[in-house]
Amino acid sequence: MPGLNDDSTEIDPTVDAAAHAIEGLLSDEEDTQPDADANATSEEDAAEAAEDTDEESSEESEEQSEDTEEEAPASQQPATVKVKVNGHDVEVTLEEALKGYSRTQDYTHKTQSLADERKAFVAEQTAIRAERQQYATQLVQLEQLINSQSKEPDWDALRAEDPAVFAQTHAAWQVHKSRMEALAAERESTLRKVQADEDASYNERLVGEHQKVAELIPDWKDETKGPALRKSLVAYGQEHGFSAEELNGVADSRALVMLHKALLYDKAKAEKSAAAPKAKAKIEKLQSVAPGSKGTTRPEVSQLTRQKQRLAKTGDIHDAAAAIELMLG
């Protein structure tokens, strides 16, 4: 069948072409496979190179950071200053000095504030005490004035004269009496407060004077010497006419200091008087000892010896005759 033959002759070349094409594709795949492997190898090499580069860069960074850390203390040493602590120079950092200065300033500010508040409080207390004193004086004066102007009626005579007036007067007097009792109670209460103010003021003054005495007489605050010193001052004051009550009531530091000075002066004077005879005896003893000797007394020089010494100096015949006369006599 010529039709089929014609078709087969047309297909053969197509099959061959397809086969050749498949062979070519296969050969192309085989040729491209090494290239892919090469590409993969190159990518692995590149990754390893990158890792090496990263390691080298990290090592360089670490070395640089170590160098920087080694150089940092030398270039970034904190500044120091010298400050005086308990009389000694101490070197501290500037930051510590600033913190200490800040604390000192804060403490000074708080101390000054407390001092100002205390002054204000003392001034207020003084004003209140003065007002209370004045109020007590006015209450006493008012009570005296009312008592001088009011006199209790003769109740028996008033009842006999007019019972109605008696009842009214008696009721009014009872009201007056209760008011006077209230006035007296207020006066007593105010006077007690005034006395408490005076006691507090005296105690405050006594504490201040005690501190002054402790500053002027160091032994005053000593636990051992203080009681003995106070006892000797009381005894010394009594010797000069002061009573124990007067001495115990002294609240002026100046009086105590003067009494202490007088005690020391009289004590030194007595010691000097007691030491005078001993010193005189010692001087006389030293005068009786010859120079260069130790504890030996100087022998008494006789008149004959003196005459011989004089004859040796003068060679006079009269001195010789006097010496011969002393020898014979």
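Inspect all residues belonging to the range 76-94 and state whether any of them is out of contact with any Asp or Glu (no Cβ under 6 Å at 6 or more places or on another chain), assigned to a helix (DSSP H, G or I), surrounded by 10 or more Cβ atoms within 10 Å (Cβ to Cβ) and at pLDDT 70 or above.
At the first step, the residues of the range 76-94 found to be out of contact with any Asp or Glu (no Cβ under 6 Å at 6 or more places or on another chain) are 76-79, 81, 83-94.
Checking which are assigned to a helix (DSSP H, G or I) leaves us with 94.
Among the residues that remain, those that are also surrounded by 10 or more Cβ atoms within 10 Å (Cβ to Cβ) are: 94.
Right, trim to at pLDDT 70 or above and you get none.
Looking through the range 76-94, none of the residues is out of contact with any Asp or Glu (no Cβ under 6 Å at 6 or more places or on another chain), assigned to a helix (DSSP H, G or I), surrounded by 10 or more Cβ atoms within 10 Å (Cβ to Cβ) and at pLDDT 70 or above.
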(message) Taking the criterion of being assigned to a helix (DSSP H, G or I), farther than 30 Å from residue 265 by Cα and not β-branched (Val, Ile, Thr), would at least one residue in the range 209-230 satisfy it?
(response) no
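I'd like to know if the range 156-165 contains one or more residues that are in contact with a Phe, Trp or Tyr (Cβ under 7 Å, 6 or more places away or on another chain) and at pLDDT below 95. Lay out the reasoning, then the answer.
As a first pass, look at the range 156-165 and keep what is in contact with a Phe, Trp or Tyr (Cβ under 7 Å, 6 or more places away or on another chain): 158-159.
When the remaining residues are screened for being at pLDDT below 95, the result is 158-159.
There is at least one residue in the range 156-165 that is in contact with a Phe, Trp or Tyr (Cβ under 7 Å, 6 or more places away or on another chain) and at pLDDT below 95.
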(message) Give me the residue from the range 148-157 that is loosely packed, with under 12 Cβ neighbours inside 10 Å and assigned to a helix (DSSP H, G or I) and, out of that set, farthest from the chain's Cα centre (by Cα).
(response) 157
(message) Looking at the range 284-328 only, could you name the residues that are surrounded by fewer than 10 Cβ atoms within 10 Å (Cβ to Cβ), modelled with pLDDT of 70 or more and in a loop (DSSP other than H, G, I, E, B)?
(response) 315
(request) State which residue pairs qualify: first residue closer than 11 Å to residue 327 by Cβ and inside the range 299-316, second residue modelled with pLDDT of 75 or more in any location, beta carbons under 7 Å apart, and separation of 6 or more residues or different chains. (result) 307/322
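The values are calculated or read from the model by the stated rules, or taken from the named source; none is laboratory data. For clarity, every value in this text was computed on a predicted model and none was experimentally measured. All Cβ positions, even for glycine, are placed from backbone atoms using ideal geometry, and neighbour counts span all protein chains on display.
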